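Chemist: Before I ask anything, here is the structure I am working with.
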Amino acid sequence: MADSPSSLTLSRVRLGAGGPIVRVRVADGRITHVMAEPDAGAEMDGGRQLDLDGRVLLPGLWDAHVHLAEWASARHRLDLAGTSSARAVADLVRERAGAADGSVLYGYGFRDGLWPDAPHKALLDAVLPDRPVALVSADLHAAWLNSACLALVGKGDHPTGLIREHEAHEVLSALPAAPADVVDGWIEEACRAAAARGVTGVIDFQFGDTVVDWERRSAQFRPAVRVSAAVYPSRLDAAIKRGLRTGDEVGADGSLVQVGPLKLFTDGSLNTRTALCRDPYPGLEGTDGAHGIEETAPDELVRLMRHAAAHGIEPAVHAIGDRANTVALDAFETVRCRGRIEHAQLLSPQDLPRFAQLGVTAGVQPRHATDDRDVADRHWAGRTERAFAYGDLLAAGARLEFGSDAPVSPLDPWLAIASAVSRTDDERPAWHPEQRLSVPDALVAAARGRRLIRVGDPADLVVVDVDPLDAGPDTLRAMPVHATMTNGRWTHGTY
């Protein structure tokens, strides 16, 4: 894509979903004019003009929760999505094993919450005993390894090969990784693919030294999207020592790469039954972990949040279970800082208004509501009216920002919009339809709160061929994106 000229007028474009036909002028990466459209033959002085023939111009979309290296790598791994049992996964591994050359066979995307059988190293050993196999769950909270892979990471005595939570992250980090330049190439490609779906920015929660990684990448290529790079606790003091604050521009193209929030954890996930809940999981009553797990003690959570906030780094707290969300909101109330709660999947009614009262953004992933409805019905039985409660959150005044949690769900904001609007992704009726959002509200959440295209805003824009107000769920999911502009530069389209 060639860079746009210093001044560009988009003519005969519809200003937002259901909006009027206008002209929009872009110069130096900003919106400089929004004007009523004159008759078709009228011309504007100066700069280039582009006739968009009545297409719809929307604020650029964001994915407010991705793991970019994981997503980019998953696009090159064995796809386990849709497998219905541990045995079915083992059969797929057998079919796709390839040569036993000693390299690790990576797979991604299994969901075992409803399986009739349990993942076990013996199943993988039976189909591929000599080549290391590492399979990552769809929620990124578990890893399933065969004996050869367990030996590779010093876990040869592990009884089952199914490893969860922090131990899983440690094990996966210890495995041989693709070279950094290869992964960076995959990430550049994934960013272009995201731009093709109207994405102009992401918050990258990839585990590791994400800020430094993006400083390196931005010296090699200009990403097709803006990137807000998260900080993890192990790198917090180093970031503070550098004087970095959330929102600071870093890297070779500082206008596109910024320091993001501090990522903290209160609990695990629903599919692994480690989300921290007030009520026990069915069948686990009276056992250790019956209510899920506490990843970070409340006092330590407050300490880390206070330390970060004092140096201008905003916290983003992972909380899925209702007890975990209460703990996270209590910490925000104690520290009194800006920030985010990531996921907010199961909420106590008394916590709904606290998001707005405390100014805490709810970073949510609507595709999870439709993907996990059956798991929630089983493991959160009797409580699902307050699961993925986007309608209630919005009614209580909360700010919602949509993400995918890619690779947990594909990096495609239209899937999130369609799921939020329809609350179903198949032929079944809407799951808890009372929690549906309107198309305009879903678009705002997908654009990080931008409802309008205004003079002075960054020229982060998406042009679509169908007015979202006229689109059903299937059309929303497959929304034809005509062009995408980030910082005044076309990142998708033929202009």
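The values are calculated or read from the model by the stated rules, or taken from the named source; none is laboratory data. If you're wondering where the values come from, they're calculated on a predicted model, not measured in any experiment. In this analysis, Cβ positions are derived from the backbone assuming ideal geometry, glycine residues included, and neighbour counts consider all displayed protein chains. Please note that ligands, DNA and RNA were not included when accessible areas were found on the heavy atoms of the full protein model with its side chains. Shrake-Rupley method; radii C 1.70, N 1.55, O 1.52, S 1.80 Å.
Chemist: Can you work out which of the residues in segment 50-72 that are of a type in the set (Asp, Glu) and under 22 Å from ARG448 (Cβ atoms) is nearest to the chain's Cα centre (by Cα)?
Modeler: Filtering segment 50-72 for residues that are of a type in the set (Asp, Glu) and under 22 Å from ARG448 (Cβ atoms), the one nearest to the chain's Cα centre (by Cα) comes out as ASP63.
Chemist: Consider segment 306-320. How many of its residues are of a type outside the set (Val, Ile, Thr), in contact (Cβ under 8 Å) with a residue 60 or more places away in the chain and crowded, with 21+ Cβ neighbours inside 10 Å?
Modeler: Total meeting the criteria: 2.
Residue-by-condition table, conditions (1) touching a residue at least 24 places away in the same chain (Cβ under 8 Å); (2) surrounded by fewer than 18 Cβ atoms within 10 Å (Cβ to Cβ):
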residue	(1), (2)
PHE221	yes, yes
ALA224	yes, no
ALA229	yes, no
ARG242	no, yes
VAL250	yes, no
GLN258	yes, no
PRO261	yes, no
PHE265	yes, no
ASN271	yes, no
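Chemist: Test GLY18 against the stated conditions and say whether it is modelled with pLDDT of 95 or more, of a type in the set (Gly, Ala, Ser) and within 30 Å of ASP184 (Cβ to Cβ).
Modeler: No.
Chemist: List the number of the failed condition for SER173; all other conditions in (1) in a helix (DSSP H, G or I); (2) open to solvent by 20 Å² or more (accessible area, probe 1.4 Å); (3) of a type in the set (Gly, Ala, Ser); (4) modelled with pLDDT of 95 or more hold.
Modeler: It fails just one condition, (4).
Chemist: Restricting to segment 24-56, and then to whatever is of a type outside the set (A, V, I, L, M) and closer than 10 Å to SER11 by Cβ, can you tell me which residue is modelled with the lowest pLDDT?
Modeler: This residue is GLU43.
Chemist: Being charged (D, E, K, R), on the phi > 0 side of the Ramachandran plot and under 20 Å from the mean Cα position of the chain (by Cα), is that true of even one residue in segment 433-444?
Modeler: no
Chemist: Right, next: Select, from VAL171, VAL182, VAL212, VAL202, the only residue that is among the aliphatic types (A, V, I, L, M), more than 18 Å from the chain's Cα centre (by Cα) and closer than 30 Å to ALA369 by Cα.
Modeler: VAL171
Chemist: To continue, here is another question. Filter segment 138-155 for residues that are over 19 Å from VAL127 (Cα atoms) and of a type in the set (Gly, Ala, Ser); which is modelled with the lowest pLDDT?
Modeler: Top of the filtered list is ALA138.
Chemist: Between residues in segment 114-138 that are under 23 Å from TRP71 (Cα atoms) and touching a residue at least 12 places away in the same chain (Cβ under 8 Å) and residues that are assigned to a helix (DSSP H, G or I) and open to solvent by 70 Å² or more (accessible area, probe 1.4 Å), which pairs lie under 6 Å by C-beta distance while being six or more apart or on different chains?
Modeler: PRO132/LEU152
Chemist: Is there a residue in segment 248-269 that is touching a Phe, Trp or Tyr at 6+ places or on another chain (Cβ under 8 Å) and in a loop (DSSP other than H, G, I, E, B)?
Modeler: yes
Chemist: Okay, next question. Find all pairs meeting these conditions: Cβ atoms under 6 angstrom apart; at least six residues apart or on different chains; first residue within segment 19-32 and surrounded by fewer than 16 Cβ atoms within 10 Å (Cβ to Cβ); second residue assigned to a loop (DSSP other than H, G, I, E, B).
Modeler: Filtered contacts from segment 19-32: ILE21/GLU37; ARG30/ALA459.
Chemist: Further question: Going by the structure shown, is ARG323 surrounded by fewer than 19 Cβ atoms within 10 Å (Cβ to Cβ), on the phi < 0 side of the Ramachandran plot and part of a helix (DSSP H, G or I)?
Modeler: Taking the combined requirement at face value, the residue does not satisfy it.
Chemist: Separate question: How many residues does segment 453-478 contain that are among the aliphatic types (A, V, I, L, M), open to solvent by less than 30 Å² (accessible area, probe 1.4 Å) and in contact with a helix residue (DSSP H, G or I) (Cβ under 7 Å, 6 or more places away or on another chain)?
Modeler: 1
Chemist: Give me the pairs: first residue in segment 157-181 and more than 14 Å from LEU135 (Cα to Cα), second residue among the aromatic types (Phe, Trp, Tyr) and assigned to a helix (DSSP H, G or I), beta-carbon distance under 8 Å, and six or more apart or on different chains, which are they?
Modeler: Qualifying pairs under 8 Å: ALA178/TRP186.
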